[in-house]
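Peer 1: First the structure, then my questions, so here it is.
Bear in mind these aren't lab numbers, they're just calculated from the coordinates by the rules spelled out. Values in this document were obtained by computation on a predicted structure and should not be read as measured data. Note that we place each Cβ from the backbone using ideal geometry, even for glycine, and neighbour counts take in every protein chain shown.
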Amino acid sequence: MILACQNVVKSFGTQLLLEDTSFHIEEREKAAIVGINGAGKTTLLKMILGQEPADQGEIILAKGTKAGYLAQHQQMLPDATIYEELLTVKGRVIELEEKLRSAEARMKHCQGQQLEELMEQYARLNHAFEQEDGYAYKSQIIGVLKGLGFSEEDFSKKTAYLSGGQKTRVSLAKLLLDKPDLLLLDEPTNHLDLASITWLETYLQNYDGAVLLISHDRYFIDKVATKIIELENTHCYVYRGNYEAYLEKRARRREAQLQAYLNQQAEIRHQEEVIAKLRSFNREKSIKRAESREKMLEKIVPEEKPADVRADMNLSFSADVKSGNDVLQVEQLTKAYGSQQLFSHVSFEIKRGERVAVIGGNGTGKTTLLKIINGLEQPDEGSVTLGTKVTIGYYDQEYHVLHTEKTIYEEISDTYPHLTQTEIRNVLAAFLFTGDEVFAPISTLSGGERGRVSLAKLMLSGANFLILDEPTNHLDIISKEVLEQALNDYEGTVLYVSHDRYFINKTAGKILELTGQTLIPYLGNYDYYLEKKEELTAVYAPAPAPGEEQKESSENKLSWQQQKEQQARQRKKENQLKQVESRIDQLEKRIAGLDGEMALPENAADASKLMELAAERGTCETELEQLLEKWESLS
C-alpha cells in the first residue's frame, strides 16, 4: 500500500465538504476521483500533498514515497528552451554522465594502480548510470515531448513565450520523466489533442508507479483507471473496475440505497400508525406499548436518501418545425489563413436526424468549419447549402453568443421577450440559477456557468439543427450525462466538434475527421472510428511517396455515398445469407421427411404415390444443390 486515507473530514466554515472519507491506493494501482464540481476532488489531492490540512482523520504515505503533482502553475527557468527545461529533471543522470566522460578522459593518461582505481570508480559510476536508465534519457525526453504533441521544431522554443496550455504540457512532460512513485494528476488531458491523450493513456497504463487522477474525460478514465473513488454528498464510495463498471455498480448501489430508504420510511410510517392507534385506546397497557415502540423508533438510524443525479440540470431539446430530409450540403469547401491551409475541397452531407461529430488535432480547422456553416466565416472556395425549413441553434465554446454586459435574466428575457418572468425563472432554475443569482452579470460567471446559460438559450431556441462547438467543456460528469441524454432524445439534427471521446461514443452516429487538409468520414461512433482509422486514412489521406508531393486523387477516394452503398450491400448480403441458410434447413428437413414417407409400407405398394414423392424429392435435391453453391459464394 502506497497511500491510505482514513476517516478524513474537511470543512470550509459551516460547509461540510468531506466526511469519514476512507480509501487506499496500492503500488502501481491506477485510480480516478470522480464527483460533481465542488465535491472536494482537488481539495482531497491538496490534503494528500500536505498543502491543505485535514480537520480530522489520517492521510498516510508509505515511507520513502515520492509523490509528483501536476500543478496549474509551474515555475520554469527564465530563459530556457522546452528541451532545456526537461533536462532539469535529469540533473542526476547528467551529473553521472559528466563524471563518466571525465573518468574516460583521465583513464587515457593513467597506468598501474591509479588506472585500476579509476576503472573501479568508472564501473561504479556506470552501474549507477545504468540504474538511472542514463543511456536512454535523451530518447525518453524526445519520446515524451512528441507524445504530448510537440514537434522537433518546438524543442528549441523558449518557455517564456509558450501559451498556458503549452506550459501545462511541458509541466506534465517533466512530471512523467521524473517518474514519482505516486502520480497525482488534476485534469491532465486539458490542452491535449486526441493523439496526445491516446498516447498519455498508454503511458499511464504501463506506468510503474501508482496514479491518482481527477478528470472529466470519462473515456480517459475508462482506459486508465482500475479503481473509481466517488465523492458524493460529503461521502466517499470506492468501486473496483473501470468507468463503465463504476456506472453499473453505482446504479445498483443507488437502487439498493433507495430501496432501503423506502423500506425504512414505510416501516416508520407503520410504527407511527400503530403508536397512534395504541394511544387512541387510552388504556394503561396500550399506552405502555406505544411508549415502548416510540423508544424503539428513536433508536432507528435513519437511512440516507440517495441524491437524484438527474435533478442537477434539467435539459431537453425540441424543434418547433420539422426540417426537410436534406439538412446540410457542403461542397468543395476550402479555407486558409495566409499560408496556413486548414482544409481543401471537402464535401459532405447531413440528413435529418443524424448526429455527426467532427474530430481532429488542434489547429486543423474544426471550429472554423462550424463557423462557415453557421455563416460567421466565409470560405475561400466552395458552398454551404441548408435544406428546407432548417433553423440553426449554435453553441459557441467561447460563448460569443452571450452579452457580457447583461445579467443572466436579461440574457434570456432580451432573447425571448415573449416569456413571462415566471417562465424565465423556471428555465433558469432548471439550469441551477435561483434567487438573486439570476441577476448576476454574465461577465462575472465561470466557464461552467456561462456554459449553462448558453445551453438554456439553446434549449429555448426551438431549432431543428444544433451546431455545437465543444459542448462538454466546463461541464462536470453528471451535467455531461444530462446533455448526452438530451441529445439522444432530440428529434432534430446535430453537428458538433468535441474532444470528449466518451461523449462522442454515446451520441454520434457518424464521425468526420479533419486531417491532412481533408475530411475522412466514418459511419459509426468513436469505437468504430478507432477500428477503421488506419484503413480509411490510407484511402483518404495517404502518406506521400518519398520525394513526391502528396497528390489528391478523387478516383481513389470513396465518397460518403459510396461508403454508405458499400455498407448497404454488405447488409443485403448478410440478409441473403440468413435466408439461404433458413431455406437449406427447410429443404434438408423436407428431404428427410420424404425419405420417411417413401419407406412407409402403404406408400411402397402405391407406385403412383411413390413416383410423386420421388419427384418432389428430386426437386428438393436440385434446389438444395443450387442453394449450397449460393451459400458458398455468399459466405
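Peer 1: For GLN397, enumerate residues with amide H under 5 Å from its amide H, sequence gap 5+ or separate chain, H modeled in the peptide plane.
Peer 2: The list, which skips near neighbours in sequence, is ASP469.
Peer 1: Can you spot the lysines whose alpha carbon is less than 17 Å from LYS167's alpha carbon? Ignore those fewer than 8 places along the same chain.
Peer 2: Once the sequence-local lysines are set aside, what remains near LYS167 is LYS146, LYS157, LYS158.
Peer 1: So what's the range 82-169 giving for Cα Rg divided by 2.2 N^0.38 Å, two decimals?
Peer 2: Cα Rg divided by the expected 2.2 N^0.38 Å: 1.46.
Peer 1: Run through the DSSP bridge list for the chain and note the antiparallel percent, rounded to the nearest 5. Could you put the intermediate results ahead of the total?
Peer 2: Working: 38 of 73 bridges.
In the chain, approximately 50 percent of DSSP beta bridges are antiparallel ones.
Peer 1: Compute the FRET efficiency between LEU610 and ASN575 as 1/(1 + (r/R0)^6), taking r as their Cβ-Cβ distance and R0 = 35 Å, and round to the nearest 0.05. Display every interim value, and only then the final one.
Peer 2: Working: r = 39 Å, r/R0 = 1.10.
My answer for the efficiency is 0.35.
Peer 1: Order by neighbour count: VAL301, VAL238, VAL438, fewest other Cβ atoms within 10 Å first, most last.
Peer 2: Listing VAL301, VAL238, VAL438 from fewest to most nearby Cβ atoms yields VAL301, VAL238, VAL438.
Peer 1: Out of every Cα-Cα pair in the range 342-432, what percent are more than 19 Å apart?
Peer 2: For the range 342-432, the share of Cα pairs beyond 19 Å comes to 58 percent.
Peer 1: While we're looking at this one, here's another question. Could you please tell me the mean projected area of the C-alpha convex hull for the range 405-455, averaged over all directions and given in square nanometres to one decimal? Mind showing how you got there, number by number?
Peer 2: On the way: hull surface 12.6 nm².
The number I arrive at for the range 405-455 is 3.2 nm².
Peer 1: Evaluate the Debye formula for the range 244-385 with equal point scatterers sitting on the alpha carbons, no solvent, and hand back log10 of I(q)/I(0) at q = 0.18, 0.19, 0.20 Å⁻¹, in q order, two decimals.
Peer 2: At q = 0.18, 0.19, 0.20 Å⁻¹ the computed log10 ratios are -1.05, -1.10, -1.15.
Peer 1: I would also like to ask the following. Hey, if you drop one equal point scatterer on each alpha-carbon of the range 326-543 and run the Debye formula without solvent, what base-10 log of I(q)/I(0) do you get at q = 0.11, 0.13 Å⁻¹?
Peer 2: -0.57, -0.78
Peer 1: Right, another one. As an exercise, use a Förster radius of 45 Å and the Cβ-Cβ distance of ALA251 and ALA336 to find the FRET efficiency, rounded to the nearest 0.05.
Peer 2: 0.40
Peer 1: Within 10 Å of each candidate Cβ there may be at most 12 other Cβ atoms; applying that plus a DSSP loop requirement, which trypsin sites (Lys or Arg not before Pro) in the range 1-85 survive?
Peer 2: Loop-located and lightly packed - LYS63, LYS66.
Peer 1: For every other residue with a beta carbon closer than 14 angstrom to the beta carbon of LEU177, add +1 if it is Lys or Arg and -1 if Asp or Glu, then tell me the sum.
Peer 2: With Lys, Arg at +1 and Asp, Glu at -1, the neighbours total +2.
Peer 1: Here's a follow-up. Can you tell me the alpha carbon radius of gyration of the range 249-307 divided by the globular rule-of-thumb value 2.2 N^0.38 Å?
Peer 2: 1.47
Peer 1: Once every DSSP H run of n ≥ 4 in the chain is given -39500 (n - 2.57) and the sum is divided by its residues, what mean residue ellipticity at 222 nm do you get, rounded to the nearest 500 deg cm²/dmol?
Peer 2: One gets -15500 deg cm²/dmol as the mean residue ellipticity at 222 nm.
Peer 1: Now a separate question. Using label points projected 7 Å from each Cα along Cα→Cβ, tell me how many nm separate THR385 and ALA429, to one decimal.
Peer 2: Computed distance between label sites THR385 and ALA429 equals 4.8 nm.
Peer 1: Using label points projected 7 Å from each Cα along Cα→Cβ, tell me how many nm separate GLU629 and MET296, to one decimal.
Peer 2: Placing both labels 7 Å along Cα→Cβ, they lie 8.3 nm apart.
Peer 1: What does the extension gain come out to for VAL539 and VAL238, with contour length at 0.36 nm per residue minus their alpha carbon separation?
Peer 2: 103.8 nm
Peer 1: Here's something else I'd like to know. Plugging the Kirkwood radius over Cα pairs into Stokes-Einstein for the range 564-635, at a temperature of 20 °C and a viscosity of 1.002 mPa s, what D comes out in µm²/s?
Peer 2: 154
Peer 1: On alpha-carbon atoms, Rg over Rh for the range 149-288 using Kirkwood Rh? Present the calculation step by step, with values, prior to reporting the outcome.
Peer 2: Details: Rg = 26.6 Å, Rh = 19.6 Å.
We get a ratio of 1.36 for the range 149-288.
Peer 1: Could I ask something else about it? What aspartates and glutamates sit close enough to LYS335 to cross-link, taking a C-alpha to C-alpha distance under 15 Å and skipping anything fewer than 8 places away on the same chain?
Peer 2: LYS335 reaches GLU377, ASP380, GLU381.
Peer 1: Can I ask one more? Hey, can you grab everything whose amide H is under 5 Å from the amide H of LEU213? Only 5+ residues off in sequence or another chain; H modelled, so Pro and N-termini drop out.
Peer 2: Here ALA31, ALA32, ILE33, LEU185 satisfy the definition.
Peer 1: If you don't mind, there's one more thing I want to ask. Filter the cross-link list LYS572/LYS609; LYS589/LYS609; LYS366/LYS533; LYS532/LYS589; LYS10/LYS480; LYS41/LYS174 down to pairs whose alpha-carbon distance in this structure exceeds 30 Å.
Peer 2: Over 30 Å Cα-Cα: LYS572/LYS609; LYS532/LYS589.
Peer 1: Place a point 7 Å from Cα of ASP585 in the direction of its Cβ. Which residues in the range 599-635 have their backbone N less than 11 Å from it?
Peer 2: none
Peer 1: For the range 336-353, take each phi angle, set θ = phi - 60°, evaluate the Karplus expression 6.51 cos²θ - 1.76 cosθ + 1.60, and give the result in whole Hz per residue in order, putting x for glycine and proline.
Peer 2: The phi angles translate into 9, 10, x, 8, 8, 7, 7, 8, 9, 6, 8, 9, 6, 9, 10, 9, 4, x Hz.
Peer 1: Quick one: go through the range 373-391 and flag any residue whose amide nitrogen is under 14 Å from the point 7 Å out along the Cα-to-Cβ line of ASP320.
Peer 2: Of the residues in the range 373-391, 389-391 have backbone N under 14 Å from the label point off ASP320.
Peer 1: Among LEU600, LEU213, LEU162, what is the fewest-to-most ranking by other Cβ atoms within 10 Å? Walk me through the intermediate numbers first.
Peer 2: On the way: LEU600 13, LEU213 25, LEU162 17.
So the ranking, lowest neighbour count to highest, is LEU600, LEU162, LEU213.
Peer 1: Any chance you could check the Cα centroid distance between the range 436-488 and the range 257-288 for me, in angstrom?
Peer 2: With the range 436-488 and the range 257-288 each reduced to a Cα centre, they are spaced 46 Å.
Peer 1: Can you put TRP631, TRP199 in order, fewest other beta carbons within 10 Å first?
Peer 2: Numbers: TRP631 15, TRP199 18.
The fewest-first ordering by Cβ neighbours comes to TRP631, TRP199.
Peer 1: May I pose another question? Hey, what do the phi angles of the range 205-216 turn into as Karplus ³J(HN,Hα) couplings, whole Hz, using 6.51/-1.76/1.60 and θ = phi - 60°, x for Gly and Pro?
Peer 2: 4, 9, 5, 6, x, 8, 10, 10, 10, 10, 7, 9
Peer 1: Want the number for TYR528 to PHE155: 0.36 nm per residue separation, take away the alpha-carbon distance, what's left?
Peer 2: 130.8 nm
Peer 1: How big is the range 320-392 in terms of Cα radius of gyration and Dmax, in angstroms?
Peer 2: 12.9, 43
Peer 1: For a quick check: with amide H placed at 1.01 Å from N, whose amide H comes under 5 Å from LEU342's, ignoring anything fewer than 5 positions away on the same chain?
Peer 2: Under 5 Å from the amide H of LEU342: LYS335, ALA336, TYR337.
Peer 1: Further question on the same structure: So what's the range 72-231 giving for Rg/Rh, alpha carbon basis, Kirkwood Rh from the mean inverse pair distance? Working shown, then result.
Peer 2: Details: Rg = 19.4 Å, Rh = 17.8 Å.
With Rh from the inverse mean 1/r over Cα pairs, Rg/Rh is 1.09.
Peer 1: Figure the gain on full extension for GLN329 and LEU49 (residue separation times 0.36 nm, minus the Cα-Cα span) and round it to one decimal in nm.
Peer 2: Numbers: separation 280, 0.36 × 280 = 100.80 nm, distance 5.38 nm.
Extending this stretch completely gives an extra 95.4 nm.
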